Every structure is written in C-alpha cells, then in structure tokens.
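Student: Got a structure for you, questions after.
Coordinate-derived values only; no laboratory data. Owing to the predicted nature of the structure, the values given are computational and were not obtained by experimental measurement. Reconstructed Cβ throughout: ideal geometry from the backbone, glycine too, with neighbour counts over all protein chains shown.
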Amino acid sequence: MTETGAWATRRPKPGRIAGYLGLLVVGFVVGTAGSLVQAAWFPAGLVLALLGSAGLFYGGTRATGTQLGVLAPAAGWIVAVLLLSAGRPEGDGLFAGGVGEIVFLLGGMAVAVMCATMPRSPQPGG
C-alpha cells in the first residue's frame with residue numbers, strides 16, 4: 001500500500017513531463033486562437049473561444065488524471081492572453097478593451113478553476 005503523498009517523492013517520468021509541456025504549448029495556442037476569435041466574431045466567437053478553452057482544460061485533467069493536467073494548459077493560456085492584451089509602446093494592441101475581452105479573460109480563468117476543482121473519477125481497484 002502506498003502513502004498518499006508518495007507520488008511527490010518519485011522521480012517524474014520523461015513521458016509525463018513531455019505530456020505536460022505539450023499541454024502547455026497547446027494552451028498557448030488555444031489562448032492565442034481564442035483571443036483572435038473572440039474579438040472577430042463577437043458574441044459567437046466569445047462562446048467558441050470559451051468552449052475551446054473549457055475543452056482543453058477538461059481534456060487535460062481527464063488525460064492526466066491530475067490537477068497539473070489543468071494547470072499546464074491554463075498556464076500557457078494565461079501567458080498567451082496576457083501577452084496579447086499588453087499592447088505595444090506605439091499604442092497598438094490586439095484587445096480593444098471592451099466587455100468581450102474581459103469576459104474572455106475572467107471566463108477562461110473561471111473555467112480553469114472549475115476544471116481543476118472537479119472531482120476526478122475513482123481509480124480502478126481503489
């Protein structure tokens with residue numbers, strides 16, 4: 001019988017690390033695409049962008065079975081969204097500052113938190 005926190009003391013496997021890095025990159029791509037789509041096709045684009053983010057976050061937790069499966073794509077997503085919303089010194093920016101961008105940012109973070117706190121399915125034999 002293993003101890004509850006024993007997974008934290010084991011050496012991580014290279015395949016698992018590659019999976020989390022892949023989720024981080026996909027999160028960055030989904031954040032970038034969502035940023036572009038939500039502004040282009042408002043309000044349907046906003047719904048599509050949030051559904052894409054929710055699918056990624058939920059898929060990450062189902063694929064890995066851990067909360068880190070949500071954290072990795074959410075980190076990539078938030079980095080992409082914040083970089084695109086920062087603007088440039090010349091005044092150019094991707095986000096116009098409307099309500100859609102705020103809903104996309106806060107809604108995406110809320111979806112990530114919801115997916116991270118969802119109960120996971122019971123493990124077989126446990």
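Student: How would you order 70-80, 56-66, 11-21 from highest to lowest mean count of nearby Cβ atoms within 10 Å?
Tutor: Per-residue mean Cβ counts within 10 Å order the peptides as 70-80, 56-66, 11-21.
Student: If you don't mind, there's one more thing I want to ask. Read phi for every residue in segment 69-86 and hand back ³J(HN,Hα) as whole Hz from Karplus 6.51 cos²θ - 1.76 cosθ + 1.60, θ = phi - 60°, with x for Gly and Pro.
Tutor: Karplus-based 3J(HN,Hα) across segment 69-86 equals x, 8, 5, 5, x, 5, 5, x, 5, 5, 5, 4, 5, 5, 5, 6, 8, 5 Hz.
Student: Points 7 angstrom from Cα along the Cβ direction at Val29 and Ser85: gap in nanometres?
Tutor: It is 2.3 nm.
Student: Here's another thing I want to ask about it. If you plug each phi of segment 25-33 into the Karplus form 6.51 cos²θ - 1.76 cosθ + 1.60 with θ = phi - 60°, what whole-Hz ³J(HN,Hα) values come out, in order, with x for Gly and Pro?
Tutor: 5, 5, x, 5, 5, 5, x, 5, 5
Student: Can you tell me the length gained on complete extension of the stretch Leu51 to Gln67, counting 0.36 nm per residue apart and subtracting the Cα distance?
Tutor: My answer for the length gained is 3.8 nm.
Student: Can you compute the modelled spin-label distance between Val113 and Arg16, with each label point 7 Å from Cα toward Cβ, in nm?
Tutor: 2.8 nm
Student: Under the Karplus relation 6.51 cos²θ - 1.76 cosθ + 1.60, θ = phi - 60°, what is the ordered set of whole-Hz ³J(HN,Hα) values for segment 47-55, x standing for Gly and Pro?
Tutor: Taking θ as phi minus 60°, the curve returns 5, 4, 5, 5, 5, x, 5, 5, x Hz for segment 47-55.
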